[in-house]
Amino acid sequence: MAFHFRNAYPPDIEELLRHDYQSLSEKDRRRFAALEAIKLGHGGTEYIAHVLDCDPKTIRDGMRELQQLPDDPAGPRVRKPGGGRKKTETQHPDLIDHVQRTLENRTAGDPMRHDLVWTDLTPERLSAPCATKTSA
């Protein structure tokens, strides 16, 4: 059975909603979807999730965020502190030393500029465990 909402927006308005939704940041998308669902009332969450092709949980998260305003835990950030991928250096503390040891005898550069160097190693060779050995 197809999903029907009795107070549905016209197709051209739905298209505008989708277009605007795609142009927003992650946090603003949640809040935009939540506001639209709140405006529609009962059944609005499912309808807006269908129109914007997002998870209803995203809309419920946006509603929760709207209730917390102006005390937003994320502040001006898109995500709360600690969200997102951890830095590679944090996950692999010896990585910088490993790369520097690998490049030690495989770099060249400008003698007048110590900040400009290059290597003959490809990224694949740099990540290989045997890259630390110098080839003759």
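Give the residue that is least open to solvent (accessible area, probe 1.4 Å), with candidates limited to residues of region 54-98 that are within 12 Å of residue 30 (Cα to Cα) and at pLDDT below 85.
Keep residues of region 54-98 that are within 12 Å of residue 30 (Cα to Cα), which gives 54-66, 78-79.
The next check asks that each one be at pLDDT below 85; those that pass are 78-79.
Working: 78: 62, 79: 110 Å².
The qualifying residue least open to solvent (accessible area, probe 1.4 Å) is 78.
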Legend entry - Residues of region 27-53 that turn out to be open to solvent by less than 70 Å² (accessible area, probe 1.4 Å) and assigned to a loop (DSSP other than H, G, I, E, B), as a count: 2
Inset, instruction - Those residues that are open to solvent by less than 90 Å² (accessible area, probe 1.4 Å) and either on the phi > 0 side of the Ramachandran plot or of a type outside the set (Lys, Arg) (or both), I need them from region 99-116; list them, please. - result: 99, 102, 103, 107, 108, 109, 110, 116
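Name the residues in region 10-26 that are touching a residue at least 24 places away in the same chain (Cβ under 8 Å) and either aliphatic (A, V, I, L, M) or surrounded by fewer than 18 Cβ atoms within 10 Å (Cβ to Cβ) (or both), would you?
To start, the set of residues in region 10-26 that are touching a residue at least 24 places away in the same chain (Cβ under 8 Å) comprises 14, 17-18, 21, 25-26.
Once the filter is applied, which keeps residues that are touching a residue at least 24 places away in the same chain (Cβ under 8 Å) and either aliphatic (A, V, I, L, M) or surrounded by fewer than 18 Cβ atoms within 10 Å (Cβ to Cβ) (or both), region 10-26 yields 14, 17, 18, 25, 26.
The values are calculated or read from the model by the stated rules, or taken from the named source; none is laboratory data. Predicted model only: the values in this text are computed from it and were never measured. We place every Cβ from the backbone using ideal geometry, glycine too, and count neighbours over all the protein chains shown. Note: accessible area is taken over every heavy atom of the protein model, side chains too, but ligands, DNA and RNA are not part of it. Shrake-Rupley method; radii C 1.70, N 1.55, O 1.52, S 1.80 Å.
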